[in-house]
Structure formats: C-alpha cells, structure tokens
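This report concerns only the one structure given below.
The values are calculated or read from the model by the stated rules, or taken from the named source; none is laboratory data. Source: prediction; values computed, not measured. Reconstructed Cβ throughout: ideal geometry from the backbone, glycine too, with neighbour counts over all protein chains shown.
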Amino acid sequence: MASILTSIAPKPTTLLSKFSFFKRSKENFTYAYQFKCIEKVITDVTILQTIPITTQPFLSHQLTMISNDLKPRLITMDQDSISSKLNMIDTILSKRIADYQTEITTILSLPLDEPLSDEQQMIKQLYYRLTFTKHYLKSLEQSIKHGTIPSKNVEKKLSALIDCSLRGTSAERILEHLFLYGTELHQDTLQLAFYALYEPEIQTTATLLPLYPFQRQKKQMKIHTKLASTYLLDKLELNTKTRCVFAWSDPTYTGFKPLPDSFLMPTAELARGRRSFFPDGERVAKFFMETVKDNLQEEENNHTENQENLRNGTYFFIATCFLDWIVCTL
C-alpha cells in the first residue's frame, strides 16, 4: 500500500507546486529577508542611541552647527512664549529633515549587503537625530499643555535640551529630561516623564521603518504601526518598571508594602535607580525592533505549520479518494 500511495502522490514540481501555499522556498526567502532587514534596523538604532557623537568629528560638527544656529534665535525670542519658541524650532528642524529626505530615502533603500560610505553613515545618523529631536520637542509641548511640566523649567533648559537631543547619548538625554520635572518626583510624575521621553523614540523608529526595503511593505507597516501604539504599555510594561524603579530607589524600602502616593523621591536618586534597575531604558528603540522580530518569527512559525497541515491534508484527501475508488471498483 505504501508503494501505491508513493507512486500516485503528486510530485512537488508538478501539481502541488502550482498552489501558492506549497511554494515554501520562495516564502522562506521572504521571511529570511525580513529578518535580515530587521537586524539592520536594530544595528542602526543601537549605534544611534549609544555611540557618543564626540567620536565622530564630522557628524558632531554638523549637529553643533544646527544647535548653534538655534541658540541666537532663542535669545532674540526671549520675551516670546515657550509655544512660539518650540514652533520656531520645529519649523527649522522640519526644513533640515526635508533637505535630507531624498538622500536618506536612497540610503535606506539600498541593498542590505551594500556598504555605506562615511558620508552616507553621517547622513543616516543626522536624519535620525533631527527626527528624534522634532518628536521629543513635540512631546514636551504636549506635556506643558497638560500641566505635567512647568513651562519655566523647559524655557530655562531649552538650549541644553536641544543640544542633548541632537548630540547626546540616551543616558544623557534621560538624565537631562528627568530634572525638567523638578528636584523631587512622585511615582505618577516619574511615569509621565518616562512616557514623554520614550514615546518619541518609538515614534522616530516607526517613522524611519517605511524607508527600509521591507518586503510586503503595506502589511508590515500596518503591523509596525499597531505595535508602536501599544508597545510601551503592553510589551515593555513601562508602568510596572516605573513602580519598581521608584520603590527600589528608596534605600529604606523593605518590599513588604507599596510606597504611599504622596511619597516624594529625590530626582538624583531616581536617576541612579534608573541606571541600576532599568538599564534597558537606554535602548528602548532596540527592544522595540526585537519585539517586531519576535512577532515576525511567530508569524513564520504559524505560516510553516499551516503549510504542513495543508500539505498533509491534501495528501490524506488524495489517498482517501483513491482508496474509496478501489473499494467502489471491487
């Protein structure tokens, strides 16, 4: 019987290969390419978040020029509202981003194995930092409107915030950002501070993703957009991490009961606690992309399982029909 079934089973190169769900090699290549593209994004955002600008003189020079160009403008607007100042900066950053749009689109759409020149690497990092700074200042503006950050604190530190966003590492940005909220923070305030800082990182990464040469672009971007909107709460579990950082930063915390809502913690202590208990906070964009990769791996596993089930079901159906035909002819 086994030899009969083997002889009648269609060969993969004939009947079954005409159906899309049997074309495993092509689909596997697609998934392999997607993984390779995601790894490229992870490498890029890791470099952009952790490598000091001072080690890259030409890039440092370009970003310093942009930062220095903004400072005299802020001085001349000394009597203007913080909203006017932020709008002016947003206009300048938007123009700079538009100037590099064509180049960055070309650079990120290059084949993944093609090495980039030093100038192309510089443009990629410059574009990322300009885009992040734009999103970050928008986040600050929203925080001011909601009353979570005193506008006077932002006005005092605006030049330093711009410089840190353009030229600093993630660790430097986090430290500068936390002190915007005061020298002592409640747990709820710390949570708001983390969201105001990390949402721009996710938005920046999500903005750059469509520029990379993903296959099935429309479907992938829909998945990425949905994940970006809930990542901090559902995947990173930022609320839980905030509670842990706040509690564990208190040297008198015993772990038997939560701290009262009215409890105030020095911002300097919270900054040290963040470095000790939440070091991944310096690489949020990297972990976002790793979650994208995990989701793609799950999709591939489900696709492979469905292919196997369809293939086995087809073989079983053919064998059953053949055996039924034999029985009917007896």
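Residues in segment 74-94 that are within 18 Å of S165 (Cα to Cα) and touching a residue at least 12 places away in the same chain (Cβ under 8 Å): how many? Don't jump to the end; show me each part of the working.
Looking only at segment 74-94, we keep the residues that are within 18 Å of S165 (Cα to Cα), and these are 74, 82, 85-94.
So of that shortlist, the ones also touching a residue at least 12 places away in the same chain (Cβ under 8 Å) come out as 74, 82, 85-86, 88-90, 92-94.
Matching residues across segment 74-94 total 10.
Looking at segment 29-50, I want the residues that are touching a residue at least 24 places away in the same chain (Cβ under 8 Å) and have a partner that is among the acidic types (D, E) with Cβ atoms under 6 Å, at least 6 apart or on another chain. Which pairs are those?
Close Cβ pairs satisfying both conditions: Y31/E300.
Taking into account only those residues within segment 158-172 that are among the hydroxyl-bearing types (S, T, Y) and in a helix (DSSP H, G or I), which is surrounded by the fewest Cβ atoms within 10 Å (Cβ to Cβ)? Even if it seems obvious, please write down each step before you answer.
Taking segment 158-172 and keeping what is among the hydroxyl-bearing types (S, T, Y), we get 159, 165, 169-170.
Next, from what is left, pick out any that are in a helix (DSSP H, G or I): 159, 165, 170.
Values: S159: 15, S165: 25, S170: 19.
If we take residues in segment 158-172 being among the hydroxyl-bearing types (S, T, Y) and in a helix (DSSP H, G or I), then S159 is surrounded by the fewest Cβ atoms within 10 Å (Cβ to Cβ).
For segment 238-254, give me the residue count where each residue is more than 17 Å from H186 (Cβ to Cβ) and not hydroxyl-bearing (S, T, Y).
Residues meeting the conditions: 1.
Under the condition of being among the hydrophobic types (A, V, I, L, M, F, W, C) and over 20 Å from T189 (Cα atoms), which residue from segment 255-313 is surrounded by the fewest Cβ atoms within 10 Å (Cβ to Cβ)? Explain how you work it out, then say what you get.
Step one: filter segment 255-313 for residues among the hydrophobic types (A, V, I, L, M, F, W, C), giving 256, 259, 263-265, 268, 270-271, 277-278, 284-285, 287-289, 292, 296, 310.
Filter again for over 20 Å from T189 (Cα atoms), leaving 256, 285, 287-289, 292, 296, 310.
Values: F256: 5, A285: 27, F287: 16, F288: 26, M289: 23, V292: 23, L296: 17, L310: 14.
It comes out as F256.
From the list D163, D118, D99, which one is farther than 21 Å from Y181 by Cβ and at pLDDT below 90?
On the way: D163 fails: farther than 21 Å from Y181 by Cβ; D99 fails: at pLDDT below 90.
Going through D163, D118, D99 in turn, the sole match is D118.
Tally the residues that are more than 21 Å from Y128 (Cα to Cα) and buried (at least 19 other Cβ atoms within 10 Å of the Cβ), restricting the search to segment 215-243.
3
Please determine, by comparing only the residues of segment 252-307 that are of a type in the set (S, T, Y) and more than 25 Å from the chain's Cα centre (by Cα), which one is farthest from L192 (Cα to Cα).
First, the residues of segment 252-307 that are of a type in the set (S, T, Y): 252-254, 262, 267, 276, 291, 304.
Restricting the remaining residues to those that are more than 25 Å from the chain's Cα centre (by Cα) gives 252-254, 262, 267, 304.
Details: T252: 24, Y253: 22, T254: 25, S262: 16, T267: 14, T304: 42 Å.
Here the answer is T304.
Can you name the helices (runs of 4 or more DSSP H) wholly within segment 211-314 that have at least 3 residues being among the polar types (S, T, N, Q)?
Values: elements: 217-230, 238-248, 267-277.
Of the helices (runs of 4 or more DSSP H) lying wholly inside segment 211-314, those with at least 3 residues that are among the polar types (S, T, N, Q) span 217-230, 238-248.
Has segment 244-256 got any residue that is under 30 Å from P111 (Cβ atoms), at pLDDT 85 or above and hydroxyl-bearing (S, T, Y)?
no
A quick yes/no check of all residues on (1) closer than 23 Å to F35 by Cβ; (2) of a type in the set (D, E, K, R); (3) out of contact with any strand residue (DSSP E or B) (no Cβ under 9 Å at 6 or more places or on another chain):
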position	(1), (2), (3)
L211	yes, no, yes
A228	yes, no, yes
K235	yes, yes, yes
V245	no, no, yes
S262	no, no, yes
F287	yes, no, yes
V292	yes, no, yes
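Among (1) aromatic (F, W, Y); (2) more than 17 Å from S276 (Cα to Cα); (3) surrounded by 20 or more Cβ atoms within 10 Å (Cβ to Cβ), where does Y212 come up short?
It fails just one condition, (3).
Considering segment 216-253 alone, what residues qualify as being at positive phi and of a type in the set (D, E)? So that I can check it myself, show each step before the final result.
The first filter runs over segment 216-253 and keeps only residues at positive phi, leaving 216, 237.
Result: E237, single match.
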